[in-house]
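Okay, so here's the structure we're looking at.
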Amino acid sequence: MKRTITPEVIRQLFIYIPESGNLFWRERPTSHFATTRAHSTWNKRFANKEAGGLSGFGYLYVTVFGQPLLKHRVIWAYVYDQWPLGQIDHINGNRVDNSLSTLRDVSHAENGFNVKMPSHNTSGVVGVSFHGKSQKWRSYIKNNQKCHHLGVFENKDDAIAARKLAEIHYGFHQNHGRK
């Protein structure tokens with residue numbers, strides 16, 4: 001039988017420390033288990049210990065009643081008494097930092113405004129590339145699934161300036177393109 005995991009249930013199961021981002025298991029009641037032995041064993045093993053592990057995608061997760069849940073979404077529900085409406089963005093780009101000050105509920109598009117530098121980038125700036133054929137610097141930005149051409153420049157600094165102005169215009173996060 002699958003249980004509904006509400007923010008109220010989350011607060012019954014966990015203790016959250018906002019400054020550190022750590023989530024600890026609370027001692028669980030007998031009603032959560034089929035037997036008293038399972039109850040006793042679980043509490044001895046897990047109660048008051050940090051909850052969760054690291055997923056293959058680099059995010060922390062916890063398993064609640066057999067359901068794997070991303071830890072940052074659980075924390076959002078714990079604090080704000082509702083599941084996030086969109087995606088949880090780690091403002092600083094650190095997927096394992098779940099301190100409350102680094103989390104925000106954003107749309108998929110807004111989350112894309114705060115991504116790190118792609119590993120294949122060679123210019124050092126997202127949206128700026130060298131065009132070998134023309135021997136000039138190109139600048140572009142993607143917004144709402146559209147690529148906007150910002151210009152072709154003799155000098156790299158001009159291409160970077162055009163890109164930075166476009167980031168401000170479209171509301172990109174200041175951490176966008178971090179290394």
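Restricting attention to the stretch 143-158, which residues are surrounded by 13 or more Cβ atoms within 10 Å (Cβ to Cβ) and either assigned to a loop (DSSP other than H, G, I, E, B) or under 30 Å from the mean Cα position of the chain (by Cα) (or both)? Working first, answer last.
First pass over the stretch 143-158, keeping only residues surrounded by 13 or more Cβ atoms within 10 Å (Cβ to Cβ): 143, 148, 150-153, 156, 158.
Scanning the stretch 143-158 gives Asn143, His148, Leu150.
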Name the residue, out of Lys49, Lys71, Lys2, that is of a type in the set (D, E, K, R) and modelled with pLDDT under 95.
Lys2
Checked the stretch 105-123 for anything touching a strand residue (DSSP E or B) at 6+ places or on another chain (Cβ under 7 Å) and under 19 Å from Arg138 (Cα atoms); matches are Ser123
Identify, please: which residue in the stretch 159-168 is at pLDDT below 90 and surrounded by 11 or more Cβ atoms within 10 Å (Cβ to Cβ) and is, among those, farthest from the chain's Cα centre (by Cα)?
Ile160
Where in the stretch 1-103 are there strands (runs of 3 or more DSSP E), lying fully within it, with 3 or more residues that are crowded, with 16+ Cβ neighbours inside 10 Å?
22-25, 60-64, 87-90
Taking the stretch 147-174 only, how many residues are more than 26 Å from His90 (Cα to Cα) and of a type in the set (D, E, K, R)?
4
Among the numbered conditions (1) over 30 Å from Val9 (Cα atoms); (2) of a type in the set (Val, Ile, Thr); (3) touching a helix residue (DSSP H, G or I) at 6+ places or on another chain (Cβ under 8 Å), tell me where Val74 comes up short.
(1)
For the stretch 97-104, indicate whether the set of residues that are touching a residue at least 24 places away in the same chain (Cβ under 8 Å) and under 15 Å from Gly177 (Cβ atoms) is non-empty.
no
What number of residues within the stretch 159-174 are in contact with a Phe, Trp or Tyr (Cβ under 7 Å, 6 or more places away or on another chain) and assigned to a loop (DSSP other than H, G, I, E, B)?
3
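Residue-wise test of (1) in contact with a helix residue (DSSP H, G or I) (Cβ under 8 Å, 6 or more places away or on another chain); (2) closer than 20 Å to Gly171 by Cβ; (3) at pLDDT 90 or above.
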residue	(1), (2), (3)
Leu103	yes, yes, yes
Thr122	no, no, no
Val128	yes, yes, yes
His131	no, no, no
Gln135	no, no, yes
Arg138	yes, no, yes
Asn143	yes, yes, no
Cys147	no, yes, no
Restricting attention to the stretch 107-142, and to residues there that are in contact with a Ser or Thr (Cβ under 7 Å, 6 or more places away or on another chain) and small (Gly, Ala, Ser), which single residue is surrounded by the most Cβ atoms within 10 Å (Cβ to Cβ)?
Gly127
Condition broken by Gly124, with the remaining ones in (1) free of Cβ contacts under 8 Å to residues at least 24 places away in the same chain; (2) part of a loop (DSSP other than H, G, I, E, B); (3) assigned by TED's automatic domain parsing to the domain that holds Thr30 satisfied
(3)
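The values are calculated or read from the model by the stated rules, or taken from the named source; none is laboratory data. Model, not experiment: these values are computed from the prediction. Cβ atoms come from the backbone with ideal geometry, glycine included; neighbour counts cover every protein chain shown.
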